[in-house]
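In what follows, a structure is listed as structure tokens, so that the remarks can point back to it.
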Amino acid sequence: MLTAEENRLLTEIGPGTPAGELMRRYWYPVATVGELSDDRPTLFVRLLGEDLVLFKDRSGHVGLIQDHCPHRGASLLYGRVEERGISCAYHGWLYDTAGNCLETPAEPAGSMFHLTVKARAYPVQLFLGLYWAYLGPDPAPAIPHLDLWVRQDGRHKIFVQPLLDCNWFAAMENSVDPAHSRILHSVGMAQRAGRPTNTTRGATDQVEYFEFSEVPVGIMKKRVSRNGHVDEHPLVFPNILRHGNDTHIRVPIDDTHTRIYFVNFIPSPDGAEVEEDHAQIETIFLEDYKTPVDRLHPFTRFTMHNVQPEDHMAWETQGPIADRTTERLATSDRGIVMLRQLLRREIDKVQEGGTPINVFQDPDHPRVDTNHDAQMMEWVRNAGTRGEGVGAPR
């Protein structure tokens, strides 16, 4: 278990917090390309506890700026986009994508007052059909060249999960918890395979052992079954799970809300390279997993019909921020202990002025191998026979 102070250290990601300073060293998807258009050029975004507005000006430039205008605090969500940027609807103060104030219309002619005004703004990149934002210090690193993200011998597809009403770290701990899938997801797995299941023990008796190891990208978890099958896939620090041909990106909105994007890679049957327009990648928004959608446990009910709703149930019902001061960890939780130690180590590294893992300043850095591609592609080829695919049991 953790002390209350240790729990806060690992979970709170707002401005100025130790974990928040670490998390601001990475890029995060904040919207799909289709969520901005000429008809709807602004979008409210909350990321790492900050209220922001994503906008696309009439020159095609995309920016991310503080929600409240520096003048008197009106929301820039209602700003009017122009060729040079976004103009506050209240008094017309105009800002470019870097947050520079270009005009303050009511000031006297010749006034240079606008040169003293600066809005908080962050860089944005379009990649894999998503707008990504970086909220950290300069210089901004590159978006990592993860193998499944930059491969060209296939196509990508985006799945946007419903809002997760809990802290991001609950989902990440799940990524190094191989014991849960043979219990939590066992009923659905058995039904898809057409066989009965023990709802208490599930399929856990089929597991020979678990193994965890730290690797350059984060933590590799390994599950070996009694029939010889080996299931091995990594947590890519700090907020990504690779599973088969998917990467699950857990984006911390604030301390008690998380948005999850699945980036799915579909390899070409013949291995041929595909010309892919990142502005045209197919995107699917998944339906809500609970009713009513705007309530928390115990005042809502999860559907529990598939892997993702089951996971969301397990994460959310721990509470908006899980109370780790009362938990009882067991031998199968070794990966969770390892993840907490890794997160604490990287927090300390940033506090001491260092660079955390998976931060790449060179935009031409080599492709990052997140797993054994040959093994993963075998998993993909066999997925159909196991009734698995996107969102398969982890």
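The values are calculated or read from the model by the stated rules, or taken from the named source; none is laboratory data. Everything numeric here is computed off the predicted structure, so don't read it as measured data. Using ideal geometry, Cβ is built from the backbone for each residue, glycine included, and neighbour counts are taken over all protein chains shown.
At a glance:
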read-out: Residues within the stretch 314-369 that are assigned to a helix (DSSP H, G or I) and over 28 Å from residue 223 (Cβ atoms), tallied; value: 5
read-out: All positions within the stretch 18-64 that are outside any strand (DSSP E or B) and closer than 30 Å to residue 351 by Cα; value: 18, 19, 20, 21, 22, 23, 24, 25, 26, 48, 49
read-out: Residues within the stretch 215-233 that are modelled with pLDDT of 95 or more and either among the charged types (D, E, K, R) or exposed (fewer than 14 other Cβ atoms within 10 Å of the Cβ) (or both), tallied; value: 0
read-out: Test: residue in the stretch 67-74 that is without any contact (Cβ under 8 Å) to a residue 12 or more places away in the chain, over 30 Å from residue 242 (Cα atoms) and outside the structural domain of residue 238 (by TED's automatic domain parsing); value: yes
read-out: Residue identified as surrounded by fewer than 18 Cβ atoms within 10 Å (Cβ to Cβ) and on the phi > 0 side of the Ramachandran plot among 34, 92; value: 92
read-out: Among the candidates 59, 75, residue that is loosely packed, with under 15 Cβ neighbours inside 10 Å and at pLDDT 95 or above; value: 59
read-out: Close pairs from the stretch 355-378: first in the same structural domain as residue 239 (by TED's automatic domain parsing), partner modelled with pLDDT under 75 and of a type in the set (A, V, I, L, M, F, W, C), Cβ under 9 Å, at least 6 apart; value: 370/376
read-out: Sole residue being without any contact (Cβ under 8 Å) to a residue 24 or more places away in the chain and either assigned by TED's automatic domain parsing to the domain that holds residue 240 or under 22 Å from residue 127 (Cα atoms) (or both), chosen from 288, 294, 255; value: 294
read-out: Residue tally, condition over 9 Å from the mean Cα position of the chain (by Cα) and closer than 15 Å to residue 148 by Cβ, over the stretch 214-240; value: 6
